[in-house]
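Peer 1: Here's a structure for you.
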Amino acid sequence: MARILTGIQSTGRPHLGNILGAINPAIALANKAENDSFLFIADLHSLTQIKNAEELKNNTFQVAATWLACGLDPNKTTFYRQSDVTECTELAWYLNCFFPYQRLKLAHSFKDKSDRLEDVNSGLFAYPMLMASDILLYDADFVPVGKDQLQHLEMTRDVASRINHKHGEIFVLPEPILQQDAQLILGTDGEKMSKSRNNTIDVFDAENAIKKLINKNIVTDNTPLEEPKDPDSATVYQLYKLLATNEESKTMAEKLKAGGYGWGHAKKELLDKIVSSFSEERAKFEHYQNNPKEVEEVLMEGAQKAKKVAKATLERVRNSLGYN
Ligand code: TRP
């Protein structure tokens with residue numbers, strides 16, 4: 001049985017694009033019986049950018065509640081919070097001491113982030129070694145990641161080999177599983193949906209709030225109601241198509257092309273589609289908002305399971321380095 005492990009950034013409540021592009025495919029992979037899967041919320045990595053305790057906590061909670069609402073089964077997947085397994089920071093230190101500073105300086109993601117962000121701290125610089133620790137601590141065989149994380153995986157293999165070379169076979173060398181670029185999901189402005197573009201749709205919001213957002217933010221041209229319209233160039237239709245059956249999409253396309261059917265009608269159908277396709281997820285999400293303790297319990301149980309594995313690995317490492 002192969003062990004699959006991946007970390008989730010906790011930058012706030014996931015949106016429609018995150019759910020369709022990343023969360024649902026990851027849950028499908030995790031639920032495959034032949035895989036032993038570890039999934040965690042990378043809240044220690046978040047500290048590189050978020051210094052407000054409430055915000056940090058709330059982000060983690062929203063992310064955990066979303067994954068659970070979307071069907072992650074904590075009986076099949078070890079689901080935990082990175083910060084609950086403090087072994088991770090200990091291992092990260094050891095890894096730091098085996099990895100050349102000059103190599104870390106070549107990290108693309110650090111270059112990107114240090115150009116973009118205000119708070120360029122040492123944690124941001126050492127980020128790849130914390131990530132390597134996340135992976136090596138659990139003897140992961142496979143790590144599903146996007147293209148932007150491949151270099152971090154290379155560094156993980158590199159630092160693991162350096163230590164194995166000096167101290168014997170302590171670590172499993174993980175293989176990346178390259179994930180397709182998150183499916184291109186259009187945002188309300190017709191560009192790729194992303195938080196930084198402010199064009200997201202929050203499927204867990206109150207129906208009224210989603211309605212307002214759709215009416216106000218989804219761009220349409222000003223073809224009059226009675227005129228024929230082009231579905232393929234319309235964001236509202238593209239979004240509808242993501243959630244509707246082929247039959248339903250065809251029907252909307254025909255109505256648009258025929259004329260006499262306005263953007264307002266299409267927007268109303270989109271709203272209904274969002275609410276109905278996510279009705280189960282919305283109900284579960286609301287349940288967790290009202291019962292945050294349940295989420296906490298799931299994460300604590302996950303941490304217990306994760307800790308067992310982590311402790312065993314750390315024991316091997318400490319023995320080899322001369323700390324036991
Ligand atoms: N750095 C990853 C990202 O930005 C998140 C992450 C942290 C991760 N630790 C990990 C992913 C370990 C895979 C394995 O998306």
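The values are calculated or read from the model by the stated rules, or taken from the named source; none is laboratory data. No experiment lies behind these values; they were computed from the predicted model shown. Cβ coordinates were reconstructed from backbone atoms using ideal geometry, including for glycine residues, and neighbour counts include every protein chain displayed. When the accessible area is computed, the model is the full protein with side chains, heavy atoms only, and any ligands, DNA or RNA have been set aside. Shrake-Rupley method; radii C 1.70, N 1.55, O 1.52, S 1.80 Å.
Peer 1: Only residues that are within 16 Å of residue 64 (Cα to Cα) and outside any loop (DSSP other than H, G, I, E, B): list them for the stretch 6-19, please.
Peer 2: Matches in the stretch 6-19: 6, 7, 8, 16, 18, 19.
Peer 1: Further, regarding this structure: So for the stretch 183-191 (the condition being open to solvent by 80 Å² or more (accessible area, probe 1.4 Å), within 24 Å of the chain's Cα centre (by Cα) and hydroxyl-bearing (Ser, Thr, Tyr)), does at least one residue qualify?
Peer 2: no
Peer 1: Sticking with this one: Within the stretch 144-178, take every residue that is part of a loop (DSSP other than H, G, I, E, B) and over 17 Å from residue 107 (Cβ atoms) and give me the one that is nearest to the ligand (Cβ to nearest atom).
Peer 2: My answer is 174.
Peer 1: What are the residue pairs meeting all of these: first residue in the stretch 271-296, first residue under 16 Å from residue 16 (Cβ atoms) and of a type in the set (Gly, Ala, Ser), second residue in a helix (DSSP H, G or I) and open to solvent by less than 70 Å² (accessible area, probe 1.4 Å), Cβ atoms under 6 Å, and 6 or more apart or on different chains?
Peer 2: Correct list of pairs: 277/243.
Peer 1: Continuing with this model, one more query. If we keep just the residues of the stretch 3-34 that are farther than 24 Å from residue 277 by Cβ and away from the ligand (no atom under 15 Å from the Cβ), which is most open to solvent (accessible area, probe 1.4 Å)?
Peer 2: It comes out as 34.
Peer 1: Here is a follow-up. Quick check: anything in the stretch 206-214 at pLDDT below 95 and either over 30 Å from residue 147 (Cβ atoms) or surrounded by 14 or more Cβ atoms within 10 Å (Cβ to Cβ) (or both)?
Peer 2: no
Peer 1: Report, by residue number, each residue of the stretch 26-53 that is modelled with pLDDT of 95 or more and of a type in the set (Lys, Arg).
Peer 2: Across the stretch 26-53, the qualifying residue is only 51.
Peer 1: Additional query: Looking at the structure I just gave you, is residue 141 within 15 Å of the ligand (Cβ to nearest atom) and either open to solvent by less than 40 Å² (accessible area, probe 1.4 Å) or not β-branched (Val, Ile, Thr) (or both)?
Peer 2: It is true that residue 141 is within 15 Å of the ligand (Cβ to nearest atom) and either open to solvent by less than 40 Å² (accessible area, probe 1.4 Å) or not β-branched (Val, Ile, Thr) (or both).
Peer 1: Further question on the same structure: Can you name the residue in the stretch 94-115 that is within 14 Å of the ligand (Cβ to nearest atom) and not aliphatic (A, V, I, L, M) and is also most open to solvent (accessible area, probe 1.4 Å) among such residues?
Peer 2: Across the stretch 94-115, the extreme among qualifying residues is 108.
Peer 1: I'd like the full set of residues that are closer than 19 Å to residue 304 by Cα, in contact (Cβ under 8 Å) with a residue 12 or more places away in the chain and over 14 Å from the mean Cα position of the chain (by Cα), limited to the stretch 36-81.
Peer 2: Correct list: 36, 37, 44, 73, 74, 76, 77, 78.
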